[in-house]
Amino acid sequence: MEFNFVKFENLHKRTEDRITVTGNSTIGFPTKFYNDNNIVSFKYVVLFYDKDNNAIGIYFTNSEEEKSKFSILHSKKGYGGHIVARSFFKTQEIDPKKYRNRYLWEKRNIDGVGEIFVILLKERVE
């Protein structure tokens, strides 16, 4: 029996692809999510909120015409990116400290918008 072993090298690359909501009103896009979805090619995010389902929709864009957009802060060290969304959380009366967590996401199409990433907010149980 012959083997073709390759040594495992832990390069401390995170494999997290869940979208993160922090208590500081940011929405984070971890390295794996960022790379898998080519977020580096986008400048902005437009957010949507469905109050009945307590869901956030995230639309990535490069459109300068979008009025209510958030700039993506891209990590210079290759750790993904994030947006600071204080005005969104405040306007929608969402307490980010109650909902800080990592969220599984799904892609959905919205008429007139296109493909968005949807997360369902759940109160954090400590």
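Based on this model, can you work out whether Asn62 counts as open to solvent by 50 Å² or more (accessible area, probe 1.4 Å) and more than 15 Å from Ile116 (Cα to Cα)?
On the way: open to solvent by 50 Å² or more (accessible area, probe 1.4 Å): yes; more than 15 Å from Ile116 (Cα to Cα): no.
For Asn62, the condition - open to solvent by 50 Å² or more (accessible area, probe 1.4 Å) and more than 15 Å from Ile116 (Cα to Cα) - is not met.
Let's see how each residue does on (1) out of contact with any strand residue (DSSP E or B) (no Cβ under 8 Å at 6 or more places or on another chain); (2) of a type in the set (Gly, Ala, Ser); (3) surrounded by fewer than 12 Cβ atoms within 10 Å (Cβ to Cβ):
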site: Ser75; (1), (2), (3): no, yes, no
site: Gly81; (1), (2), (3): no, yes, no
site: Val84; (1), (2), (3): no, no, no
site: Phe88; (1), (2), (3): no, no, no
site: Glu93; (1), (2), (3): yes, no, yes
site: Trp105; (1), (2), (3): no, no, no
site: Arg108; (1), (2), (3): no, no, no
site: Asp111; (1), (2), (3): yes, no, yes
site: Leu121; (1), (2), (3): no, no, no
Note on the range 30-53: residues aromatic (Phe, Trp, Tyr) and touching a Gly at 6+ places or on another chain (Cβ under 8 Å) are Phe33, Tyr34, Phe48, Tyr49
Glu115 fails exactly one of (1) in contact with a Lys or Arg (Cβ under 9 Å, 6 or more places away or on another chain); (2) open to solvent by less than 90 Å² (accessible area, probe 1.4 Å), namely (2)
Selection from the range 59-110 of residues in a loop (DSSP other than H, G, I, E, B) and touching a Gly at 6+ places or on another chain (Cβ under 8 Å) yields Ile72, Ser75, Gly80, Arg100
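One line per residue, one yes/no per condition, for (1) among the basic types (Lys, Arg); (2) closer than 18 Å to Tyr44 by Cβ:
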site	(1), (2)
Thr61	no, yes
Ser68	no, yes
Gly81	no, yes
Ile94	no, no
Lys98	yes, no
Lys122	yes, no
For the range 20-47, pairs from a residue that is more than 16 Å from Lys107 (Cβ to Cβ) to a residue that is assigned to a loop (DSSP other than H, G, I, E, B) and open to solvent by 10 Å² or more (accessible area, probe 1.4 Å), with Cβ under 6 Å and 6 or more apart or across chains, are Val21/Arg100; Thr22/Arg100; Gly23/Arg100; Pro30/Arg14; Pro30/Glu16; Thr31/Arg14; Thr31/Tyr79; Lys43/Asn62
Q) Would you say Ile56 is in a loop (DSSP other than H, G, I, E, B), hydrophobic (A, V, I, L, M, F, W, C) and within 26 Å of Glu126 (Cβ to Cβ)? A) no
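The values are calculated or read from the model by the stated rules, or taken from the named source; none is laboratory data. None of the values given here were measured: they were computed from a predicted structure. Backbone-built Cβ (ideal geometry, glycine too); neighbour counts: all protein chains shown. Surface accessibility is based on the protein's heavy atoms, side chains included, excluding ligands, DNA and RNA. Shrake-Rupley method; radii C 1.70, N 1.55, O 1.52, S 1.80 Å.
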